[in-house]
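The structure appears right after this line, and notes come after that.
A short reminder: the numbers here are calculations on the coordinates, not readings from a lab. Only a predicted model underlies this, so the values are computations on that prediction, with no experimental measurement involved. Methodologically, a virtual Cβ is constructed for each residue, glycine included, from the backbone with ideal geometry; neighbour enumeration extends over all protein chains shown.
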Amino acid sequence: MNQEMLDRMIGAAPPSTVDVDEVIGRTRRRQRFRRAATGGVAAAVAAFAVLVAVNLAGRPPRPVPVVQVPAAPSASSGPLIEVDTPAGRARTLARLGTVLEAAVESHAPGTRWIYMPDVPGEKRLPDGHPAMWVTEDPVSFQARSGITGGGRKGGFYLSLRAAGCAAMTSCSPLYECDGTVPVCESTRISSGLTLVHYVDKPGKSRVFYGTDVELRGGKYALRMLAVNYFGGDGAPAVAPVPVLTRDQLDAVAAEVAERFSD
């Protein structure tokens, strides 16, 4: 990883305002509020106040500028996930981009990464690679992109982050099948890793396919989300279902998680 790469990672591109954890978290909060409303006006008001407080207190920090990630550097004998230094985080992000693109090419042939706008005035990046960046406190590795295939387009989000919740930091453990969404299942894949996959339909014809995988050792978790809308917050649905099928998303997530497990 050379200095030019590091300079590009801290360049002046505008930060993303949408990440996979916020998309899922906002959906779950909205659905819990709807259920609380059926218990009466007073209960709904109380639930809403609590949710607002949690949202304000636990909102993840803004990510650093979005960058386009080139091919990963040559493999090394060190850890695959490096969080302690800027250079280590840059290496991890590059590895993640390369593994992700290879997994999608293998399990979803015929699809293609396309630029997906997130905020007005955002610098347009070239098609062909997902946009990727690093957030802090705790360190997590993020990706988002438009994706096209089968005559339709949609969105894709990824987060690789610490699985546990440390004191005074934001976190996002594995998705829980608690009845919030209509389709949810926790299982183990052939390598023994825990995988949770789910389908959410938060309204306005939106459909989310989600997959969480806990990496070996339990220290890190991977989250992927395929959606049938294209763009940032408030973007309308552009297809009946996401471009990636549930099976494709599971296969991509499983391969990436296995490649990054110790």
- Message: If you consider only alpha-carbon coordinates, what radius of gyration and Dmax does the stretch 163-262 have, in Å?
- Response: 14.3, 41
- Extended-chain gain in nm, criterion 0.36 nm per residue less alpha-carbon gap, R216 and C165: 16.6 nm
- Item | Those GluC sites (Glu not before Pro) in the stretch 76-167 that DSSP places in a loop and that have at most 15 other beta carbons within 10 Å | E136
- Message: Defining a contact as two alpha carbons under 8 Å apart and six or more residues distant in sequence, what relative contact order in percent does the stretch 67-259 show?
- Response: 18 percent
- Item | Listed peptides 222-229, 254-261 by packing density, highest first (mean Cβ within 10 Å) | 222-229, 254-261
- Message: Only four residue types carry charge here, +1 at the Cβ of Lys and Arg and -1 at the Cβ of Asp and Glu. Report the dipole size of the stretch 155-262 about the Cα centre in Debye, rounded to the nearest 20.
- Response: 180 debye
- Loop-resident trypsin sites (Lys or Arg not before Pro) in the stretch 173-222 with no more than 10 other Cβ atoms inside 10 Å, DSSP not H/G/I/E/B, are K204
- If amide H atoms are modeled at 1.01 Å from N in the peptide plane, then the residues at a separation of 5 or more from T111, or on another chain, having amide H under 5 Å from its own are none
- Query: Dividing the alpha-carbon radius of gyration of the stretch 67-259 by 2.2 N^0.38 Å (N being the number of residues), what value is obtained?
  - Reply: 0.99
